[in-house]
Each structure stands twice: as structure tokens, then as C-alpha cells.
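This report concerns only the one structure given below.
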Amino acid sequence: MKTLSPLKASLFAILASSAVFATAVNAAPKDAGCDFSRSEFHKGDRMEHGGRHMGHGGMHRMFEGLDLTDAQKADVKKLFADQKAARADSRPTKEERLAHRTEMQALITAPSFDETQAKALMSAQQEQRQTQAIERMKLHNQIFNLLTPEQQAKFKARFEAQAGKEPRG
């Protein structure tokens, strides 16, 4: 019988473990106590950079166990759709993104580093991120105000319980 080289054996082991892991992840039970699936709010909602997900529960976790009515769910979906449309309108064009990348590359590859220009580029990025964060907070507030007083109290209690925990990161 022919034996495998150490390289082939290790590649085979990695492939087999990946297949087992993927099966286990897909077979994991869904979140218990949630009113709707994560895909209802995150369908097509990806970050602009490379199409990656945000990496955390996002808005989905905000609703766990709040028992939203069908009308509340519809209102929340409309708010998400409105926010998505607004984000699409404010997204820089492909030409603007390319120009920014060219500026960054020119700064990095220049014979001498221009700190003033670097600060100006970073300032523009930080301003854009701040604007996006404010828009997310507005959305969260609008959704919170759709909740009944009982749901709001439940949300506040959960939020305060999380406040004592150490932040992720």
C-alpha cells in the first residue's frame, strides 16, 4: 500500500477537519427566543469593504425576546429599507474611491512622508465614520420608539445588564 507524504497527509487532515467543522456549524440550532431570522434584517446588508458582514449580532440582537408585533416588524423593515436607500445615495462613486486609494498610495510611496496630508485624509475618513455612526444611532432610536413601554423597559434592562460587561474587541 502506498503511504502519503507528510505534506499530503496534513493537507488531507485540514480538508477533513474543515468539512466536519462546516457541517457542525450548519447543523447548530438557531437562536432561541428570537422573533424572526437574522436574514430578515441583514439580507443584502453588508459592509461596503469587500462584502464582509459586521461580525457581531448587530440589530438582530436588539430584538431578541421582545415579542414584536407584525406591525412593529413591518415598521422596522421599512426603517431598514429607508436607511439602506440613504446609504446607497451617500456612498462615494467608484471614481471617488479610486481617487482616494490613489492618494493614499501616493502618500505611502512618496520619498518623504507628508504628515499634514495624511492627517487630512484620515480626518475625512473619520468624519465619514462619525456620520455613519450617528445615522445608526438615529435608526436605533427610531426603532426603540416603535416599542411598547413594556418592550422598552425590557430593552433598557438588557442594555443596563450589558453595560457592566467588558466591551468586545
Being modelled with pLDDT under 90 and under 23 Å from the mean Cα position of the chain (by Cα) is the filter; apply it to segment 145-163 and report the residue that is least open to solvent (accessible area, probe 1.4 Å). Phe155
Could you check Arg97 against (1) over 30 Å from Phe63 (Cβ atoms); (2) in a helix (DSSP H, G or I); (3) modelled with pLDDT of 90 or more; (4) not aliphatic (A, V, I, L, M) and say which number it fails? (3)
Looking only at segment 98-120, count every residue that is open to solvent by 90 Å² or more (accessible area, probe 1.4 Å) and either of a type in the set (A, V, I, L, M, F, W, C) or under 26 Å from Ile134 (Cα atoms) (or both) and tell me the total. 5
Starting from segment 75-98, take each residue that is among the charged types (D, E, K, R) and list its partners that are open to solvent by less than 90 Å² (accessible area, probe 1.4 Å), counting only C-beta distances under 6 angstrom and pairs at least six apart or across chains. Asp75/Leu146
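The values are calculated or read from the model by the stated rules, or taken from the named source; none is laboratory data. What you see is a predicted model, and the numbers here were worked out from it, not measured in a lab. Glycine gets a Cβ as well: all are built from the backbone with ideal geometry, and neighbour counts include every protein chain shown. Calculation scope for accessible area: heavy atoms of the full protein, side chains included, ligands and nucleic acids excluded. Shrake-Rupley method; radii C 1.70, N 1.55, O 1.52, S 1.80 Å.
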